[in-house]
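Each remark here refers to the structure printed beneath this line.
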Amino acid sequence: MSGKSKLVWPVITLLLLGMTAAAGLLLVESPERDTGFWVTLVPIMLAEAMFGFSFADFGSRLKESFGLFRAGSGVVVVGYFIFTMIMIPVYGNGISTRTLLVVQIIGFGVTLIMQLLFGLAGRAAVEGVTGFAVTERNKTGFKLESAALLSELKTRFPRETELLRESGRLAEAARFAAESVKASAHIDDKICDGFLKLRASAAEYPPERMLEEMRALRELFRQREELIKNLR
């Protein structure tokens with residue numbers, strides 16, 4: 001994803017959040033803004049934030065705890081947004097604040113569980129067909145993964161010359177990489193995770209984003225080679 005796209009989605013999301021907050025405050029006068037009002041409004045804004053930031057893959061370079069804002073969780077987020085909108089008439093019918101809060105917590109909890117299950121299922125599906133399944137996280141696995149990625153990209157983006165060229169560079173870096181050593185285990189894990197992410201997201205990421213991720217992965221290879229060289 002290009003730098004401009006990364007800025008556009010967060011800006012749109014913030015504008016939408018501001019509009020939602022303004023609409024809520026205008027439609028419900030101050031004396032009527034009880035706890036139930038905020039219990040209804042805040043989850044709607046949270047769902048909007050999750051949906052908007054996921055388009056920018058806000059959590060892509062962060063840890064798994066930021067999975068709410070990671071691309072690929074769109075189906076679950078849309079479901080949660082629909083749930084929060086359904087709670088508006090429920091609130092309007094005079095349901096007790098305690099019951100409303102419990103229902104909202106249950107809805108958010110189900111959303112978290114669904115995101116976790118979707119994430120684990122997607123990762124398991126990728127790991128099941130990767131070179132790492134039989135070679136572990138080492139040079140041989142890197143070579144198999146880079147070759148498989150290059151083959152996929154040739155099929156999906158036959159006219160993206162720069163993307164294919166970068167994939168070739170990545171395959172070359174993997175092919176001539178040094179054998180793994182004990183001290184390189186941490187960076188080997190990062191490279192493996194990078195390949196898994198690229199394979200899992202190949203159907204979702206645009207060419208610009210794929211190019212960016214491959215360059216970052218090739219930088220990891222450079223750091224790995226420098227580390228192993230210094231150990232010799």
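Computed from the coordinates by the stated procedures, all read-outs in this text should not be read as laboratory data. Fair warning: this is a prediction, and the values are worked out from it, not measured in the lab. Using ideal geometry, Cβ is built from the backbone for each residue, glycine included, and neighbour counts are taken over all protein chains shown.
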With label points set 7 Å from each Cα along the Cα-to-Cβ direction at V110 and E208, the distance between them in nm comes to 3.7 nm
Column: log10 I(q)/I(0), Debye, Cα scatterers of the range 139-231, q = 0.10, 0.20 Å⁻¹: -0.24, -0.88
